[in-house]
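A short worksheet on the structure shown next.
The values are calculated or read from the model by the stated rules, or taken from the named source; none is laboratory data. Everything numeric here is computed off the predicted structure, so don't read it as measured data. In this analysis, Cβ positions are derived from the backbone assuming ideal geometry, glycine residues included, and neighbour counts consider all displayed protein chains.
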Amino acid sequence: MLNEIVLRLSDLAATLFPLDCMEPEFMRRAMLGLLLIAPLAALSGVQVVNSRMSFFSDAIGHSAFAGVALGLILSLPPEFTMPALALAIGLLIMYLRRGSRLSTDTVIGIIFSAVVAFGLAIVSRNREASRGVNMFLYGDILTIGDNEIALLACLLVAFLTFQFFAWNRMLHISVNEQIAGVHRIKVSVYQYLFAALLSLVVILCVRAVGVLLVTAILIVPAATARNLARNSRQLFFLSLVFSYVSCAGGLLVSAQQWANVPAGAAIVLLACAMFAVSFVAARLKSK
Amino acid sequence: MTIPAETAAAPADAVRFEHVGLTLGENRILDDVCARVPRGKFTAIVGPNGAGKTTLTLAVLGQIKHTGRILFPGLDEAGRRPRFGFVPQRLVFDRDIPMTVMDYLLSGLQRMPLFLGHSKRHAERIMQYLDEVECTRLADHAFGALSGGEIQRVLLAQAMLQEPDILILDEPTSGVDFKGGQICCELLRRVREKRGFTQIMISHDLATVTAHADHVICLNHTVFGEGEPRVALTHQVLSETFGLHLGLPDLHGIPQDVRECPEDCPLRAEHLHLHDHCHIDGAAHGCACGHDHAHDHGTEAGHAE
C-alpha cells in the first residue's frame, strides 16, 4: 500500500524532470524525498537564521550518531531512536536555554560534545555500525526508503500547519522576545514547538545530505533569500525557490556522468553558488 | 517603611507596590518597595544605574518573580490582568531580517500568515497609530534601516496598538537627542490624554521628569521618596537616592543668607557657589535671598544628578 503510493508519487516527481537520468526508480524516489525536504529546510532555515539557531541545528544533526548508538544499546531500529533522541535533545537545549543563566552557546556546546562522544564510544565498539557511520557523515538520499518518505510527508504536513499559525509570531519573537511576551504572545509555546519540529527536520535531513552538511541546506537558501527579499512575504517565497532549485538541481547534477559527485555535496555547492551571486547582486544594488 | 497614607484611596491608583522585594543571586535588587502609581497619569521612576528600576518594571509586567505584592486596583477585583504596552530601552535586533515596519507591526496582530498578504483591517488600524506618532511615511520602509528615534516611535505605536491599561517605557529617550526626548514626552502626553492609559516611564533625566511627570518614584533598591515631582524631588531625597551626599556639603548647613556668613568663614566661597547654583527647592531649605528657586526647578534640577 505505502509502496504503491510512494511509487506513484515518485513517478509524478519524475515527470517534472523529463530527463534520462530520472529513469531509474531510485532516482525518482530520491527526487520525491528531496521535494519533500526542500520546503522543510527552507522554512525552518528562515527561522534558524532569524533566531540565530544554526549551532542548535548543528548539534541536533550530530546527535545522529548517538541516536544510532542508542538503537544498538536498546536493540531498537535507528529509524526510531534517531528522531526520538533528536527530539529529546532539542527540547532539552530549549529548556536549558530558557531556564538557566548559561549562554546558549555554552549549553549547546556541552550537549553537542556529550552526544557526539557517546555516539562514537558506542558505535566504534560495534564493527557493523561503524561501517554505517559514513552514511550519516555524508548522507545518502539514493537509498531513501518508503517509511522515511512517509515520515517526511507527515512532518511536512505538521510543519506547514505550524508555519501557517506561527510564521508571524515567530518573526515577532525573533525581533524581541520580551516585547512579544509582554504583548501577550506565548513565547515559550512557540519556541518549544519550533525546537521540536526543527529537531525532526534536521534529523530527517541528515539522511539526505549527511551530518556535515545538514545545517547548510537549512541556512544557505534562507540566507540567499535574505539578501534579495525586502519583506516577509518575499523572504518566504524566495527561500522556497532557492531551496527547491538547489535540492532538485543538486540531485540532477550529481547524476550526470561528468559530475560524479554525491548528491548532498552537489546540493550544497549549488546553494552556496546561488548565495554568492545573491550577495554580489545585493551589494551592487545597495551602491 | 510604612505604606504612605494616600494609598488608602485605592481606585485612584493603577498600580500599588506593597513591600516588593527581589534578590538575584546574592544581590538584593529590590528591598521593601512600597509605592503607588496614580491612574491615567505619568509616573516617572528615577534612580541611578543599577537601582532596580528596570527590574521593578519587569515585576509589574509579571516577567520576574518577586516577594510582596503588586496590586492593580480595580482589575484585581475583576480577576483580570491589566493589558500592557511596553517600549524597551534600546531595541537590539537583527537589522538584516527582511521586513517592513508594517510587517513587524502586523506580525504581532494578524492571524493570517504574512506570506499570504496583509489584513486590510489591521493595516488600517496600524496606519492610524503610526499617524499618531507621525510615522505613516515609514510604513513600507525596512524596519532594520530606521534610526534609533524612528524605531522608538514605531515601538510606541506598537505598544499603543495593544490598547494598554498601562504603558511602560524603559528610558525611551536614552540614545535620542534632547529635542527628540521633549517631542517624545509631548507626544506621549497628547496620546495619553486621548486614550487615557497610565504611563510608567523610567528616566534618568530629572529635567524631563520635572517638566512632564505627574508623579515620581525615587528608587535605589528601595523607595526614598514619591509624589508630585516639584514636591518630592527635594535635595535630601535626591541625595539619598543618588548617593550624592558623600561628595556635597549638607545644604541645610548653609546660612540663611550668605551675607551672614562671616568674612573669615572657610566655607564662604563654597556657600556663595552653592547659593548661586542651588535651585533645588531653595525655598524649602530656607534660602532667604528672595529669589524664586522653585521657578528654576524644572530647568536646573538635572544639575543635581
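Listed values, structure above:
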{"quantity": "Test: B:Met127 is buried (at least 18 other Cβ atoms within 10 Å of the Cβ) and not small (Gly, Ala, Ser)", "calculated": "no"}
{"quantity": "Hits in region A:110-129 - residues which are among the small types (Gly, Ala, Ser), touching a helix residue (DSSP H, G or I) at 6+ places or on another chain (Cβ under 8 Å) and surrounded by 14 or more Cβ atoms within 10 Å (Cβ to Cβ)", "calculated": "A:Gly119, A:Ala129"}
{"quantity": "Set A:Leu171, A:Leu155: member being among the aliphatic types (A, V, I, L, M) and surrounded by fewer than 20 Cβ atoms within 10 Å (Cβ to Cβ)", "calculated": "A:Leu155"}
{"quantity": "Residue check, A:Gly249 free of Cβ contacts under 8 Å to residues at least 40 places away in the same chain, buried (at least 17 other Cβ atoms within 10 Å of the Cβ) and away from chain B (no Cβ under 14 Å)", "calculated": "yes"}
{"quantity": "Condition check for B:Asp76: within 20 Å of B:Leu167 (Cβ to Cβ) and among the acidic types (Asp, Glu)", "calculated": "yes"}
{"quantity": "Whichever residue in region B:43-98 is acidic (Asp, Glu) and either within 11 Å of chain A (Cβ to nearest Cβ) or outside any loop (DSSP other than H, G, I, E, B) (or both) and, among such residues, is farthest from B:Gly227 (Cα to Cα)", "calculated": "B:Asp96"}
{"quantity": "Helices (runs of 4 or more DSSP H) wholly inside region A:93-183 that include at least 1 residues being away from every other protein chain (no Cβ under 14 Å) and among the aromatic types (Phe, Trp, Tyr)", "calculated": "A:104-124, A:127-138"}
{"quantity": "Selection status of A:Tyr190, hydroxyl-bearing (Ser, Thr, Tyr), within 14 Å of chain B (Cβ to nearest Cβ) and over 19 Å from A:Ala84 (Cβ atoms)", "calculated": "yes"}
{"quantity": "Qualifying residue in region B:210-222 (condition: at pLDDT below 85 and farther than 17 Å from B:Ala51 by Cα)", "calculated": "no"}
{"quantity": "Matching option when the condition is closer than 17 Å to A:Leu34 by Cα and at pLDDT 95 or above, among A:Leu151, A:Leu200", "calculated": "A:Leu200"}
{"quantity": "Checking B:Gly40 against (1) more than 22 Å from B:Pro88 (Cβ to Cβ); (2) in contact (Cβ under 8 Å) with a residue 40 or more places away in the chain; (3) not in a loop (DSSP other than H, G, I, E, B), the condition it does not meet", "calculated": "(3)"}
{"quantity": "Odd one out for B:Glu171 among (1) facing chain A (nearest Cβ under 8 Å); (2) in contact with a strand residue (DSSP E or B) (Cβ under 6 Å, 6 or more places away or on another chain)", "calculated": "(1)"}
{"quantity": "Residue count for region B:151-169, restricted to those that are part of a helix (DSSP H, G or I) and either aromatic (Phe, Trp, Tyr) or closer than 20 Å to B:Pro82 by Cβ (or both)", "calculated": "7"}
{"quantity": "Counted residues, region B:124-150 - those being assigned to a helix (DSSP H, G or I) and away from chain A (no Cβ under 14 Å)", "calculated": "12"}
{"quantity": "Inter-residue pairs, beta-carbon under 9 Å, first more than 8 Å from chain B (Cβ to nearest Cβ) and in region A:222-239, second crowded, with 19+ Cβ neighbours inside 10 Å and among the charged types (D, E, K, R), 6+ apart", "calculated": "A:Leu238/A:Arg226; A:Ser239/A:Arg226"}
{"quantity": "Candidates B:Arg121, B:Arg111 - the one that is charged (D, E, K, R) and assigned to a loop (DSSP other than H, G, I, E, B)", "calculated": "B:Arg111"}
{"quantity": "Positions within region A:94-109 being surrounded by fewer than 13 Cβ atoms within 10 Å (Cβ to Cβ) and within 16 Å of A:Val187 (Cα to Cα), in sequence order", "calculated": "A:Gly99"}
